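Chemist: This is the structure, below, for whatever I ask next.
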Amino acid sequence: MRSHYGWVLSLVFFIPSAAQPAGPRDDRFLEGYASAVLDMRFGLSDAKPSVKNGRLVLDPDQLKGRNPQTVADALRGIEGLQVEVGRPGGASIAVSEPVPETQPAPSSEKLTRYTGWLPPAKAFESLIADPKWPRFSASVQFYQSDEELNTVGSANFGATLPFYGWEGLGASWQVGLQAGVFSIFNLNASSTDLVNSDFFVALPVSVRTGPFSAQARVFHQSSHLGDEYLLRNRVDRINLSFEGADLLLSWNFGDFLRLYGGGGGLFRTDPGDLEPWFVQGGFELTSPYPVFTELLYPVAALDIQAAEGGDWDASYSARAGIEFRSAWLEGRRLQWLFEYFNGRSPNGQFFERHIEYFGTGLHFYF
C-alpha cells in the first residue's frame, strides 16, 4: 500500500512541476515535497520541514537517529531546494553536493528511536547464518553423499514485522510478528519436485539499548511433504508440528563484530516424544569498509545449534559473501552469500537425518 502511495505522490508532484516553467519553486511546494520524502524514505511522518526562499535547515535532533547526511542527500534531489544541516539560529553546513558515505553504519546501528506503530527499523537484527530465520531468499544447494537428494533449490519467504515500538527503562522496545515458509525442491527430478515445506509463525518481543539487544518469542512450526515427492517415493510421513519459546541475546562490538546466543524449549509437540530443549549461538562479521565500490561490503557469519533430541550434536551453518548497501536500502539488507551446512537437517520432515551441503544464493531482509 505504501508503494502505491509513493507512486501517487510522485504523480501529484511531477505533473504540476512538468506544467511549470523552469525557475524557482514555491516554498510551500518544496515543503510538501520534502515532507513526502521524509515520510516515505525515512519514516519521519511527524517532520515539519520549513522552507524559506528555497532554503531548508535540517535539524539533526528532529531526525530520530537517522544519518543527517543521508537525509540531506535525499532531499537535495528536489529541484530548487537548498539543504543545510544545522540548528535553527546556529551555524550550518551546506551540502549542495552529495557526499558519499564511505563507511555507512551497519544495520545494527540504524535503529531509529521510534515510538508508535510500524517502526521503520528493527530492535533485534536478523541472524545471517540461521537457516530458519524468516527472510526472502533463493539459493541452490549441493548435497554431499545424501541417499535421496543431490542438487536442491531452496526458496524461502518471510520477514520480521515490528508492529509497535516504545521507549522505556532506557531502551527501545518492539512487539511484532515473524512469519516464514521454508521450502526445498529436488532440482534433479524431471518436474522439480517440491520435497518439504515448513510453515513458521512467531510473536517476538525485542529490546535494544546501546550495543545490547535481545528477543523473546513464542512460535509455531508445522512441516509438510510435497505431493510429487510423495507420489515418487514411498515414505512414512511424519505429522510434525510443535509450539515453543526461545530467548536470544546479542552484543555488538563496534561496527564489525556481533556475538549472540540463547536457547529455548518446545511445550507442545506432535509426535509427542520429541525432546524439548535446544541451544543456539554464533557470530557475525560485518565490514564497515567497501570492496571495489561504495556499494559492496563483505559479511561472514557462523550459526551453531544443538538440540536434546539430537544428543546435543552441534549443527553448523556458515555463510559469507557481500552485502549491498545504499541510501535506497535504508533499513533493508540484500546479500549474496555462499553457504555451508553440516548437521541435523533443518528441513522439518527430515529432522532426524544428518546432511551436508554447499550452496549459494540471494537473501533479502526488510
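The values are calculated or read from the model by the stated rules, or taken from the named source; none is laboratory data. Note that the structure is predicted; figures quoted are calculated from it, not measured. For neighbour counting, all protein chains shown are included, and Cβ atoms are generated from backbone atoms with ideal geometry for every residue, glycine included. Surface accessibility is based on the protein's heavy atoms, side chains included, excluding ligands, DNA and RNA. Shrake-Rupley method; radii C 1.70, N 1.55, O 1.52, S 1.80 Å.
Chemist: Enumerate the calculated ³J(HN,Hα) couplings along region 301-308 in order (Karplus 6.51 cos²θ - 1.76 cosθ + 1.60, θ = phi - 60°), each rounded to whole Hz, writing x wherever the residue is Gly or Pro.
Modeler: These are the phi-based 3J(HN,Hα) values: 7, 9, 10, 10, 10, 8, 10, 4 Hz.
Chemist: Calculate one ³J(HN,Hα) per residue across region 200-213 by plugging θ = phi - 60° into the Karplus curve 6.51 cos²θ - 1.76 cosθ + 1.60, and present them in order as whole Hz with x for glycine and proline.
Modeler: 10, 9, 8, 10, x, 10, 10, 8, 9, 9, x, x, 9, 9
Chemist: Further question on the same structure: Using modelled backbone amide H atoms (1.01 Å from N, in-plane), which distant-in-sequence or interchain residues come within less than 5 Å of Tyr164's amide H?
Modeler: Leu118, Val175
Chemist: What order, most packed first, do the peptides 154-166, 174-186 have when packing is the mean number of other Cβ atoms within 10 Å of each residue? Please list the in-between numbers first.
Modeler: On the way: 154-166: 18.2, 174-186: 20.3.
The most tightly packed comes first, giving 174-186, 154-166.
Chemist: Another question about this same structure. At 1.4 Å probe size, what's the solvent-accessible area of Asp59? Round to the nearest 10 Å².
Modeler: Roughly 30 Å² of Asp59 is accessible to a 1.4 Å probe.
Chemist: On the full set of protein chains, 1.4 Å probe, figure out the accessible area of Asp227 and give it in Å² to the nearest 10.
Modeler: The accessible area comes out at roughly 120 Å².
Chemist: From the phi angles alone, apply the Karplus equation (6.51, -1.76, 1.60; θ = phi - 60°) to region 270-280 and give each ³J(HN,Hα) in whole Hz, x where the residue is Gly or Pro.
Modeler: These are the phi-based 3J(HN,Hα) values: 9, x, x, 9, 5, 5, x, 8, 8, 10, 8 Hz.
Chemist: Could I ask something else about it? List the residues whose amide H sits under 5 Å from the amide H of Asn196, counting only those 5 or more places along or on another chain, with H placed 1.01 Å from N in the peptide plane.
Modeler: Ile184, Gly226
Chemist: Quick check: the distance between the Cα centres of region 211-240 and region 295-366, to the nearest angstrom?
Modeler: About 17 Å separates the Cα centre of region 211-240 from the one of region 295-366.
Chemist: A follow-up question, please. Report the convex hull volume per residue for region 163-249, counting only C-alpha atoms, in Å³.
Modeler: Details: hull volume 10.4 nm³, N = 87.
Looking at region 163-249, the number lands at 120 Å³ per residue.
Chemist: Kirkwood hydrodynamic radius (Cα pairs, Å) of region 240-346?
Modeler: 15.9 Å
Chemist: Moving to a separate point now. Return an integer: the convex hull volume of the alpha-carbon atoms of region 288-336, in Å³ per residue. Display every interim value, and only then the final one.
Modeler: Working: hull volume 4.7 nm³, N = 49.
With only Cα atoms used, region 288-336 gives 96 Å³ per residue.
Chemist: Assuming 0.36 nm per residue, please report the length gained on full extension of the stretch Arg28 to Trp117 beyond their Cα-Cα distance. Don't skip to the end; give the middle numbers.
Modeler: Numbers: separation 89, 0.36 × 89 = 32.04 nm, distance 2.81 nm.
Contour length minus the Cα-Cα distance gives 29.2 nm.
Chemist: Over the heavy atoms of Ile322, what accessible area does a 1.4 Å probe trace out, to the nearest 10 Å²?
Modeler: For Ile322, the solvent-accessible surface is approximately 40 Å².
Chemist: Then there's this: Check which residues have an amide H placed less than 5 Å from Leu187's amide H, if you skip close sequence neighbours.
Modeler: Answer set, sorted by chain and number: Thr151, Val152, Gly153.
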